[in-house]
């Protein structure tokens, strides 16, 4: 009986450990993705509107569609927007509201906004401070923010 593991046994154990870690990481990514996407009810949108929590909007117009952040929002409220029509979309803020996107923060109040740079861009936003602060938790595309 060998008291020291063979080189092949060590390599096999390392590969099994790497596969386990990779599987765990993928499972965590799947849970995060599922959590972000599964709680939104998606529908086609063709006109300017005030965002409603737990709703995803498919911006479908030849002109840009404005989506206004709600004046009343609870921490954790979620919103999604993805583009379909050529006009794209814009998230418009109200008084004292801000959007945080990565290390950037929009101008506070009605002058601040977040908008698609290409009509097919997608963004997922959550409220992080009741009524005033919102964070982009996932984005795809060329998103512009007014800082």
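List of remarks:
- For segment 70-84, residues that are free of Cβ contacts under 8 Å to residues at least 60 places away in the same chain and farther than 24 Å from residue 141 by Cβ total 4.
Conditions (1) in contact with a strand residue (DSSP E or B) (Cβ under 8 Å, 6 or more places away or on another chain); (2) surrounded by 18 or more Cβ atoms within 10 Å (Cβ to Cβ); (3) modelled with pLDDT of 95 or more; (4) not assigned by TED's automatic domain parsing to the domain that holds residue 141, marked per residue:
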position: 23; (1), (2), (3), (4): no, no, no, yes
position: 34; (1), (2), (3), (4): no, no, no, yes
position: 49; (1), (2), (3), (4): yes, no, yes, no
position: 54; (1), (2), (3), (4): yes, no, yes, no
position: 62; (1), (2), (3), (4): no, no, yes, no
position: 75; (1), (2), (3), (4): yes, no, yes, no
position: 80; (1), (2), (3), (4): yes, yes, yes, no
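- The strands (runs of 3 or more DSSP E) falling completely within segment 87-147 that include 3 or more residues that are farther than 19 Å from residue 66 by Cβ and at pLDDT 95 or above map to 122-129, 133-140.
The values are calculated or read from the model by the stated rules, or taken from the named source; none is laboratory data. Computed from a prediction, not measured in an experiment: that's the story for all the values here. Positions of Cβ are backbone-derived with ideal geometry, glycine not excepted, and every protein chain shown enters the neighbour counts.
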